[in-house]
Amino acid sequence: MADTATHAAESSPAPAMTHATHAATPAASPSASARPAPARIDPYRLRTDFPILATANRFGKPLIYLDSAATSLKPRAVIDAVDAYNAEYSSNIHRGIYEIAERATAAYEAARASIARLINAREAAEIVFVRNATEAINLVAYSWGRRNIGRGDTIVLTEMEHHANLVPWQVLVQEKDGDLEFVPITDDGLLQLEVYEALLHLRPKLVAFTHVSNMLGTINPVRELTEMAHAAGALVLIDGAQAVPHAPVDVQAIGADFYVFSGHKMLGPTGSGALWGRRELLEAMPPFMAGGDMIREVHLRRSDWNEIPYKFEAGTPDISAQIGMGAAAEYLMGIGLDGVQAHEQELTRYAMETLRREVPGVEIYGPEAEARGGVVSFNLPGIHPHDVAQILDRSGICIRAGHHCTMPLHERFDLAATARASFNVYSIPGEIDALAVGLREVVRIFGR
Amino acid sequence: MKSSAYSGAERILDPMDDLYRDYILEHYRRPHNFGVLDTPTASYEGSNPLCGDRITMMLGVSDGVVRDVAFTGRGCAISQASASLLTDEIKGKTVEEVEKMTPDDLLDLIGIDISPARLKCALLSLDTVAHALADMASKQDGAEPGPG
């Protein structure tokens with residue numbers, strides 16, 4: 001399996017993420033079997049899978065959803081999976097000795113297996129279900145961090161981290177009297193690798209970085225960063241929230257120690273997410289939360305922990321959301337993540353070209369299209385992004401405006417806020433054309 | 001507020017005009033009372049970290065009356081136009097009158113429909129003025145700021 005993945009990555013024509021990740025193993029879903037691999041995806045056909053794309057806003061304008069980096073839309077397959085649990089076999093998992101409870105447990109564990117396959121984890125037991133990537137990082141910070149970070153220990157982060165991969169580490173080092181160091185970025189939004197190398201001489205205990213920046217779109221060379229960190233004796237946590245939905249990710253090929261992502265950004269329901277960790281690390285870690293399901297034996301004054309991953313899943317989880325996340329993983333593998341990546345890269349290039357050509361004065365942040373995921377942050381001169389977003393909303397166009405949970409990154413570029421368009425499998429060039437028209441209208445309104 | 005006067009049909013025909021009206025954009029482009037006071041009696045910097053809106057309000061108060069007012073800031077059209085309109089409104093009013101101003105008073109002054117997501121932008125100016133006055137009161141009395 002790993003051999004196939006490695007071979008596929010080395011022989012592929014170097015789209016943006018291959019230096020960072022390997023191609024996934026071929027999807028086993030029947031719907032993909034008719035397609036040649038790597039299949040081009042057909043976003044126009046896929047759009048019919050997303051009921052929300054048939055809706056209109058209060059002015060009768062069709063939905064033009066360009067905020068997938070915040071959360072993705074949900075396909076019928078995911079909606080149906082959630083509905084089926086609630087309508088047909090709503091019951092608790094890992095407990096009931098009756099038919100629907102056994103069905104719920106089986107569906108929940110099948111979702112875990114699907115998600116393990118999506119990122120080529122060695123085994124499903126290495127997938128811990130959490131509410132989102134933020135919770136996954138907190139789990140590691142509390143459980144691994146409180147046991148392994150002490151006075152004077154260093155954690156290396158980067159300047160482009162989402163607050164979720166920043167604040168939990170701040171809390172940890174403040175409590176333990178440790179230190180944070182940051183890899184700076186270039187004006188083009190790339191990590192300064194020579195500074196990273198120098199910071200590794202501090203012998204950090206942990207290095208944590210994002211796979212794909214949610215503001216700049218930068219795709220980081222995660223395998224190289226991981227190898228360098230390991231050579232310096234550090235463990236590696238990767239925030240994959242913006243990567244897993246958009247390109248093949250192979251955690252074994254990357255070689256990281258922890259990899260986290262959210263379900264709701266990968267076409268799954270809100271409230272679902274996953275922490276992947278190497279078995280030996282997870283086994284050595286104490287529980288994060290205590291309660292039911294995470295124990296093997298409970299006595300009045302002490303308990304024995306359950307095996308992984310259940311040790312980290314105290315209490316009844318969001319069962320339907322995780323089942324929906326599993327359906328989303330199957331959906332993505334079915335359409336093929338190589339094709340998804342090619343589609344979104346093409347779209348990103350088209351967006352950058354179109355906006356620069358059609359919208360006078362537009363300033364786009366981050367690297368050029370070949371080094372970025374499907375995220376384009378920009379500003380119009382003298383117009384606040386909130387005003388941009390508000391005017392676009394009238395035309396049914398949904399973009400993000402603000403700091404996108406990356407305040408330090410905005411400070412780095414001396415920006416109060418940016419507007420951001422981001423894409424997914426259902427995004428099409430016509431939506432970018434509509435965005436350009438909308439932005440020209442914004443410029444007209446503010447210029448009158 | 002005038003939202004009730006609009007019918008749905010009018011909104012669809014003329015959707016742009018209820019938020020970015022000419023006078024709002026005019027206040028945004030050429031804000032009234034934009035600048036600094038050399039020796040303000042009350043001053044406060046307010047911000048909406050989530051949007052990056054930022055306003056510093058400076059008041060010149062004597063005998064319980066706001067004689068002079070100035071602000072600086074950056075942010076969206078709504079926040080800056082709101083500050084411009086508010087500074088016009090409070091100049092010459094007594095501190096007591098200004099302290100009694102409610103969010104609804106300010107929204108009436110702005111005169112456009114503000115969606116819930118933009119309320120913080122619209123109300124930042126009044127919030128900042130309230131903080132400035134509370135700071136001033138606490139310094140004068142050496143007491144805790146009141147609930148203004």
*Could you check how many residues of segment A:93-110 are in a loop (DSSP other than H, G, I, E, B) and open to solvent by less than 50 Å² (accessible area, probe 1.4 Å)?*
2
*Can B:Leu107 be described as away from chain A (no Cβ under 14 Å), in contact with a His (Cβ under 8 Å, 6 or more places away or on another chain) and either under 30 Å from A:Phe59 (Cβ atoms) or at pLDDT below 90 (or both)?*
no
*Just one of B:Ala132, B:Ala81, B:Ala77, B:Ala122 is among the hydrophobic types (A, V, I, L, M, F, W, C) and either in contact with a Pro (Cβ under 6 Å, 6 or more places away or on another chain) or touching a residue at least 60 places away in the same chain (Cβ under 8 Å) (or both); which is it?*
B:Ala132
*Name the helices (runs of 4 or more DSSP H) wholly inside segment A:116-224 in which the number of residues that are farther than 22 Å from A:Thr406 by Cα and open to solvent by 40 Å² or more (accessible area, probe 1.4 Å) is 1 or more.*
A:167-176, A:193-200
*Could you name every one of the strands (runs of 3 or more DSSP E) located completely within segment A:266-335 that has at least 3 residues being under 25 Å from the mean Cα position of the chain (by Cα)?*
A:273-277
*Inspect segment A:263-273 for any residue being surrounded by fewer than 24 Cβ atoms within 10 Å (Cβ to Cβ), farther than 24 Å from A:Arg76 by Cβ and not aromatic (Phe, Trp, Tyr) and give the result as yes or no.*
no
*Working only within segment B:26-61, note down all residues that are surrounded by fewer than 19 Cβ atoms within 10 Å (Cβ to Cβ) and among the hydrophobic types (A, V, I, L, M, F, W, C).*
B:Phe34, B:Val36, B:Leu37, B:Leu50
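The values are calculated or read from the model by the stated rules, or taken from the named source; none is laboratory data. Note that the structure is predicted; figures quoted are calculated from it, not measured. Glycine also receives a Cβ, built like all others from the backbone with ideal geometry; neighbour counts cover every protein chain displayed. Protein only, heavy atoms only, side chains kept; ligands, DNA and RNA dropped before computing areas. Shrake-Rupley method; radii C 1.70, N 1.55, O 1.52, S 1.80 Å.
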